[in-house]
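The structure is given below, and queries will be raised subsequently.
What follows draws every value from the coordinates through simple rules; no lab data is involved. Given the structure is predicted, the values throughout are model-derived calculations rather than measurements. Methodologically, a virtual Cβ is constructed for each residue, glycine included, from the backbone with ideal geometry; neighbour enumeration extends over all protein chains shown.
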Amino acid sequence: MANIKRIITKKVLQNLNGVDLAVLKEYKVSGVGKTKGDGYWSREVRTVPFTLYVPGEYVTAYSEGLYGHASAVFKKKDWNTSKHGLIYTDSKFLKDIRNTLKNAGIKNYNDIDYSTLTQGNDFVDLSVGGKLLAELVNTGKIKVKL
C-alpha cells in the first residue's frame, strides 16, 4: 500500500500521470439530503436519506493531483426517478452532501460536486477532487494500492 504523501509529490504524480490506483478501502458516510426542486430535471421537494461512498472502484493520479468519483446511494422508495425526475443538479441536495462530510469532520468537504456522469435509478454520481481524496487517504479513511 502506498501512502498518499508519497503519491502526491510532483515527481511521483508525473510518473503516475493517468494511472488508476485500486481502492482497497472506501469511505462510507450516511446522511439525509433534502431537494429544493431547483435542478434541471426535477421540481420535487423531498427528503432523501443517502449513503455516500468515496471514491468508488479507483482513484486516478494525474500530474496535478488525484481525481475520483463518489456515489450518493438512496432507496428507490425515497426517490423514484420515473416519478420525481433526477436529483442531479439540485442545489440543496449537493449542499446536504457537503454538510454530511463537514459534520463527519472532513475539512475539504467542498471538494465534491455533481459529475457529468449524472444519475442512475438509485444513486447520484459525484466528482471528488484531489484535496478531499488526499485528506481521506492521509487520515486512513480510504486506502489505495499502486
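What does the helix-only formula give at 222 nm for the chain: each DSSP H stretch with n ≥ 4 adding -39500 (n - 2.57), the total divided by the residues, and the result rounded to the nearest 500 deg cm²/dmol?
Helix-only estimate at 222 nm: -6500 deg cm²/dmol.
Longest segment of the chain with no GluC sites (Glu not before Pro) in a DSSP loop having at most 15 other Cβ atoms within 10 Å?
65-146
Please turn the phi angles of region 79-84 into ³J(HN,Hα) values with the Karplus equation 6.51 cos²θ - 1.76 cosθ + 1.60 (θ = phi - 60°), one per residue in order, whole Hz, x for glycine and proline.
8, 9, 4, 5, 8, 9
Pairs of alpha-carbon atoms within less than 8 angstrom and 6+ residues apart define the contacts here; what relative contact order does region 4-145 have, in percent?
The normalised contact order for region 4-145 reaches 30 percent.
Let me ask another. For region 12-109, which trypsin sites (Lys or Arg not before Pro) pass both filters: DSSP loop (anything but H, G, I, E, B) and at most 14 other C-beta atoms within 10 Å?
Answer in residue order: R43, K75, K76, K77, K107.
With a sphere of radius 10 Å drawn around the Cβ of V45, what net charge do the other residues whose Cβ falls strictly inside it have (Lys, Arg +1; Asp, Glu -1)?
+2
Taking mean projected area of the Cα convex hull in nm² straight from the coordinates, which label in (i) 8.0; (ii) 10.7; (iii) 12.8 is the correct one?
Working out mean projected area of the Cα convex hull in nm² from the coordinates points to (i).
Nearest 10 degrees is fine. How inclined is helix 91-103 to the longest principal axis of the chain, computing both from alpha carbons?
50
While we're looking at this one, here's another question. Within the chain, what is the longest stretch that has no chymotrypsin sites (Phe, Trp or Tyr not before Pro) placed in a DSSP loop and near at most 15 other beta-carbon atoms within 10 Å?
Result, exposed sites excluded: 42-146.
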